[in-house]
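Everything below concerns the one structure shown next.
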Protein chains: 2
Amino acid sequence: MTVRQDTQQHLMPANQWAYEPRHMKWWGWGNEDVEFHANAHPGFWPYAKQVLEIQRDDFSRRAWKLESVELAEPCLDERFVNKLHSLLNPRQLSQQPKDRVIHAYGKGFRDLFRLRCGLATGAPDLVVYPESEQDVALTLRAAAERDVAVIPFGGGSNISGCLERMEARRMMVSLDMRRMRRVLAVDARSYTARIEAGIFGPDLEQQLGAQGMTLGHFPDSFLHSTLGGWIATRSAGMQSDKYGKIEDMVIALRMVTPEGVLATRTVPKSSSGIDVNHLCIGSEGTLGVITEATMRIHPRPERRVVPGYLFPEFEGGIEAIHECVRQECTPAMVRLNDPDKTALSMAFRPPATRVSQAIGKLFKTYLRVKGFALPRACLMLTAFEGSRDGVARRLRQVESIYRRFGAVGLGASSGKSFEATKYDFPHIRDFLLDRDVTTDVSETSTVWSNILPLYRETMSALRASILESGVRPWAGCHISHTYQSGASVYFTFGFKQQPGREMEQYLGVKRVAQQSFIDHGATLSHHHAVGTEHLPWLAADISPLGVRAVAALKRGLDPANIMNPGRLQPSANPFEDWMRLDHRADSQCGGTLSVVDFERMSRRKASGES
Amino acid sequence: MTVRQDTQQHLMPANQWAYEPRHMKWWGWGNEDVEFHANAHPGFWPYAKQVLEIQRDDFSRRAWKLESVELAEPCLDERFVNKLHSLLNPRQLSQQPKDRVIHAYGKGFRDLFRLRCGLATGAPDLVVYPESEQDVALTLRAAAERDVAVIPFGGGSNISGCLERMEARRMMVSLDMRRMRRVLAVDARSYTARIEAGIFGPDLEQQLGAQGMTLGHFPDSFLHSTLGGWIATRSAGMQSDKYGKIEDMVIALRMVTPEGVLATRTVPKSSSGIDVNHLCIGSEGTLGVITEATMRIHPRPERRVVPGYLFPEFEGGIEAIHECVRQECTPAMVRLNDPDKTALSMAFRPPATRVSQAIGKLFKTYLRVKGFALPRACLMLTAFEGSRDGVARRLRQVESIYRRFGAVGLGASSGKSFEATKYDFPHIRDFLLDRDVTTDVSETSTVWSNILPLYRETMSALRASILESGVRPWAGCHISHTYQSGASVYFTFGFKQQPGREMEQYLGVKRVAQQSFIDHGATLSHHHAVGTEHLPWLAADISPLGVRAVAALKRGLDPANIMNPGRLQPSANPFEDWMRLDHRADSQCGGTLSVVDFERMSRRKASGES
């Protein structure tokens, strides 16, 4: 007899793949009908122009034409394709150029820049949409038989280069998981839910919400990323302070590998040797495809408030967060901007009314009276969730600590504009790319005793490196995702592109940021994964033997090396390969794609049209 | 530049190995001068006699003579031994019979029973005491060169069979880590401490305590187990409800393998691919030797109270625990005994005074008035730790929940006798073994919705299986180590030995318990590790592919298979091997040890002397 643990089985009928989440626009972030509107944030572009020393305004709006994207002839293994046609439904297979371009990359700077230059060397030859675990298993088996490589694809939101092909000479399949989107069972007594891995954030929260539950995982990519993607990359949601990172939420999972299915039990904790859940979490598609997971869930909070605060300086804000950690009273979310990031946030405000302008002036006067030096002030956004009483108590305790460090409250709902726009920030990059501005992020985590040294060294290295490329630097930072031992430190940077040297500029700056993390005792990423962008630093982070351990796992579960080949395994010359974009795509399957070089990219871009 | 994260370096001078924690007695639990005294618990033996139907009292006290233990000639690889003598100090190597016998086993029933029969087939050929990570690395390198196997040894407290040799034909070294016992650095701001892995519980708490800190890890084996052992077996302390299991406490670690050192960074959280910390945690010595770990630590709690409660019935007690989980107000420790375990606890009380007898009578009357049916009553032990206010608030909240489920408080310090004796329970088994009674435990964890079904099925299966062996069964259970999704379920069982069938009896009962866990959706162990005792169920727990993944790791980090060979890898006939004790020790290195069979063991035991 096996006990039935799931109290609510199959909440959604099996054939709901008919509803399918939309793909993001291939040339940028978000749905095709959503973009950043300067009018809604009138202070933003003037701020950007000023800090980046941009003189002009005559940026023509580009019309992105799919037809002008250079796409190699698909490299097809006929026997494999025939096999898949016999195993799957025609609606599950696509060789359409648009599908191939959409699955070519994630949404990192390199990805978008290449697409905007009309290059899609990362494109797969075929896109497969499995609708069941069996579809995944059949596809992997067929692929292993024919030496076809497979890259699992969730929402395509990754910005670390986890999704593009790194080998040109083999047929490459993108396995798009979005049709596996059911919450299979909710055990309300045990606060667990068994969920298919291809489900997107909003869909997941809607299905759990119907049971009064939430996963509590809200990454910036929430609208456009999947459960499986979160697990494969060790994602963190904005409220990880309360709910933990995704790896803290996984109770059990199923991963289909070329060698079979790895499956774990729905138990709270175990002592059954090495925790094989953790062999799958963070595997970035290199071992297999996560098809479902049993996750910790929580009752929807009775109450949620999102107050903001202003601290006289960054150091005091950090001390205040640390004191909350010490007193074990952290909010559900904490996001402390440094002065530059604070200025950016202020520039991002919605249009001012006369009343709000007047209030703003008064408030500035009040701050000056309180002794604030405005250029040093730091915005802190927080969220509190839970029972009505619990929230009130925690809020009192936190505010009393914040006040000790000179904070001024901005009102209980001052975070509402953040709430309303919290998933919109990635759209800014598209807006800026349209205006020849490069922006990107590098984030890490470190222990409390190291946060300020790391912050100062990295900021100064970042600025110096941008300056070196001949333009004025902008860099800002926020502290978030707090833990007892430390927090995430998240850097954002931007600069005017030097025509013809855009990629060189980006690589130079990105490299400095990552190297600073490693040199100063931090990790290569807190929640953005390794991908290609952080691969050269992997051995320094987890030690060379750690890399070899991962390689050993790979040999065991994917002996033919068909799963996302090249990832998590630095080459012999990792930095050289990292600098030489598309280094492996020099001859695609006997096709015509030649070496991609920066100059050529730049010429294409300079021609003004993609 | 690398930042100095550790604010307090090297708290103890390097050569403090001179103080060396004592080994436990070879024939039982604890130090040689400590044992269970029936006088201190006058109700215990009468209770045991009654429930186990034991008529006699004439058990002679055995004098354990080391000389009568059968010990094979050591199987020595001369070149390896010479090499070690050139690399290490003579004080670091031992071939003394006592050292070999001490390192032959852990403290499981099988282990103690064999030793009491004068058998030490698990004994290593040489014991090595490393005093530095380099000593470990040199030993492993020399061992790999000469195909010598190495079994890491912490306190020797394991009860799942993690420590005995499973191969007879190779030289086998026990690597005893107890001299690596320094707290290397405390970062009080980040609540982390870097600690050598061979440190014992009391030593660790003393060194951290000097800094006002605690690890918060107090397993039943606390006095006799090490940090490295805890990590290698995924140990849980009594207060895991507050501090987590050991795997939740590891920030970074270093593990020496035959292929080099795997080392991770001191960062709170990361997204650097597969979490290689988790390749080492739970590896049970099969991949390498954990030499140090950076652990989460906590300020010593300002206040600690240990109240006890009596619930009218088990089901209500479970509901009360669940309600605390729901309201997010669990105590730091929760231990709910079922009625049988409650009766055992009552029998374990210290001698009654006239006053306590009178109070006891009054209390019983009070309980009857409150509607308690005493045979169904269940004892709940709890602990609350933290700030004065925090403890008071939590206590109020918990007690108000407990009262709703009919609980009666036993006073704020009623758990003090539990506190005073909490590390003594393992001594009872020696006392009972001396009286021809077998006792052992099997523990697991499961989700809340499955706790009662699992409890009922396992209790009835356990009792039936003991009864089948021809004697009266005793079995009890407690719920502890609570999580949002479930808890640990811990079974204790005991029965009168059938002369000549002692081992057969034990194996039959143990097998039924473990099989029940697997059949009813639970795990093979919550915190006792796999070892040999749970190995046959590993593939059912983590899936056959999970076992293969672990094997792949092993091939990568220990290609010559010198590290604790045979563990975490079920043989082709796991149950057969499990039943056939010492199945691999049929001819030791050309020596004289013959097959160990149950009858022979029993004959030796029946002769009354070891």
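The values are calculated or read from the model by the stated rules, or taken from the named source; none is laboratory data. Here the structure is a predicted model, which means the values were calculated and not measured. Here the Cβ is made from the backbone with ideal geometry for all residues, glycine too, and neighbour counts use every protein chain on show. Note: accessible area is taken over every heavy atom of the protein model, side chains too, but ligands, DNA and RNA are not part of it. Shrake-Rupley method; radii C 1.70, N 1.55, O 1.52, S 1.80 Å.
At 25 °C and 0.890 mPa s, grab the translational diffusion coefficient of chain B from Stokes-Einstein with a Kirkwood Rh over Cα pairs, rounded to a whole number in µm² per second.
Once the numbers are plugged in, D ends up at 97 µm²/s.
For the stretch A:67-222, what is the relative contact order in percent, using Cα pairs closer than 8 Å and at least 6 residues apart in sequence?
On the way: 245 pairs, mean separation 35.8, N = 156.
Taking the mean separation of contacting Cα pairs over the length of the stretch A:67-222, I get 23 percent.
What number comes out for accessible area per residue over the stretch A:429-505 if the probe is 1.4 Å? Units Å², please.
Heavy-atom SASA per residue in the stretch A:429-505 reads 26 Å².
First compute the accessible area of chain B with a 1.4 Å probe, then give the percent of it belonging to carbon and sulfur atoms.
It is 50 percent, rounded to a whole number.
For chain A, what is the calculated [θ] at 222 nm in deg cm²/dmol (nearest 500), taking -39500 (n - 2.57) for each run of four or more DSSP H residues and dividing by its residue count?
Only helices count here, giving -10500 deg cm²/dmol.
Between B:H520, A:V334, A:G122, whose Cα lies farthest towards the positive end of the dipole of the protein assembly as shown when Lys and Arg beta carbons carry +1 and Asp and Glu beta carbons carry -1, centred on the Cα centre?
A:V334
Using Cα-Cα distances under 8 Å and only pairs 6 or more residues apart, what relative contact order does chain B have, in percent?
18
As a test question: what accessible area, to the nearest 10 Å², does B:I102 have when a 1.4 Å probe is rolled over all protein chains in place?
Roughly 20 Å² of B:I102 is accessible to a 1.4 Å probe.
Among A:M180, B:P42, A:W537, which residue has its Cα positioned farthest towards the positive end of the charge dipole of the protein assembly as shown, with +1 placed on the Cβ of Lys and Arg, -1 on the Cβ of Asp and Glu, and the dipole taken about the Cα centre?
Positive-end residue among those listed: B:P42.
Keeping every protein chain present and rolling a 1.4 Å probe, give me the accessible area per residue for the stretch B:87-185 in Å².
23
Considering only protein heavy atoms, what is the solvent-accessible area of B:E73 at a probe of 1.4 Å, reported in Å² to the nearest 10?
B:E73 has an accessible surface of roughly 140 Å² with all protein chains in place.
How would B:S190, A:S60 line up by accessible area, probe 1.4 Å, largest first?
A:S60, B:S190
Quick one: how many Å² of B:E576 are accessible to a 1.4 Å probe, rounded to 10?
B:E576 exposes around 110 Å² with every protein chain in place.
Given the options B:G317, A:T139, A:T446, identify the residue whose Cα lies farthest towards the positive end of the charge dipole of the protein assembly as shown (+1 on Cβ of Lys, Arg; -1 on Cβ of Asp, Glu).
B:G317
Can you list the residues, at least 5 places off or on another chain, whose amide H is less than 5 Å from the amide H of B:T446, using H built in the peptide plane?
B:A487, B:V489
Checking the a/c ratio against 1.5 first, then a/b against b/c, what shape does the Cα gyration tensor give for the stretch B:73-184?
The shape class here is oblate.
Under the classification rounded if a/c is under 1.5, otherwise prolate if a/b is larger than b/c and oblate if not, where does the stretch B:173-285 fall, given a ≥ b ≥ c as square roots of the Cα gyration tensor eigenvalues?
rounded
Once each part is reduced to its C-alpha centroid, what is the distance from the stretch A:106-164 to the stretch B:382-417 in angstrom?
Rounded to whole Å, the Cα centres lie 55 Å apart.
Provide an ascending nm list, one decimal, of label-point separations from A:T365 to the equivalent residue in each further copy; define each label point as 7 Å from Cα along Cα→Cβ.
7.8
Please report the spacing between the Cα centers of the stretch A:303-319 and the stretch B:447-497 in Å, no decimals.
Cα centroid of the stretch A:303-319 versus Cα centroid of the stretch B:447-497: 50 Å apart.
Between copies, how close do the A:S132 label points come, placed 7 Å along Cα→Cβ, listed in nm from shortest?
Result for A:S132, in nm, nearest copy first: 6.2.
What ranking of B:V136, A:V355 comes out by heavy-atom accessible area, probe 1.4 Å, highest first?
Most to least solvent-accessible, the answer reads A:V355, B:V136.
Using only Cα atoms, locate the centre of the stretch B:184-230 and the centre of the stretch B:548-574, then give the distance between them in Å, rounded to an integer.
Each part's Cα centre sits 30 Å from the other's.
Placing a label point 7 Å from Cα toward Cβ, how far apart in nm is B:M346 from its equivalents in the other copies, listed shortest first to one decimal?
7.1
Dipole magnitude of chain B about its Cα centre, charges +1 at Lys/Arg Cβ and -1 at Asp/Glu Cβ only, in debye to the nearest 20?
Dipole of chain B, to the nearest 20 debye: 1500 debye.
Decide, for the stretch A:412-478, between rounded, prolate and oblate: order the square roots of the alpha carbon gyration tensor eigenvalues as a ≥ b ≥ c, take rounded if a/c falls under 1.5, and otherwise choose prolate if a/b is larger than b/c, else oblate.
Numbers: a/c = 2.69, a/b = 1.10, b/c = 2.43.
Since a/c reaches 1.5 but b/c is at least a/b, the shape of the stretch A:412-478 is classed as oblate.
Order B:335-341, A:310-316 from most to least packed using the mean count of other Cβ atoms within 10 Å.
B:335-341, A:310-316
With charges only on Cβ, +1 for K and R and -1 for D and E, what is the dipole size of the protein assembly as shown about its Cα centre, in debye, rounded to 20?
Using only the charged Cβ atoms, the result is roughly 2980 debye.
As a test of reading the structure, rank A:L76, B:L344 by solvent-accessible area (1.4 Å probe, protein chains only), most first. Working shown, then result.
Values: A:L76 75, B:L344 40 Å².
Result, largest first: A:L76, B:L344.
Name the nearest-to-axis residue of chain A, judged by Cβ distance to the rotation axis taking chain A onto chain B, and quote that distance in whole Å.
Whole-Å result, nearest residue of chain A to the axis: A:H278, 2.
Quick one: buried accessible area between A and B, total over both chains, 1.4 angstrom probe, nearest 100 Å²? Could you put the intermediate results ahead of the total?
Working: alone 25660 and 25650 Å², together 43840 Å².
Chains A and B together bury roughly 7500 Å² of accessible area.
Quote the Stokes-Einstein diffusion coefficient, in whole µm² s⁻¹, for the stretch A:458-508, based on the Kirkwood radius over alpha carbon pairs, a temperature of 25 °C and a viscosity of 0.890 mPa s. Provide the component values of the computation, followed by the final result.
Working: Rh = 12.2 Å.
In µm²/s, the coefficient is 202.
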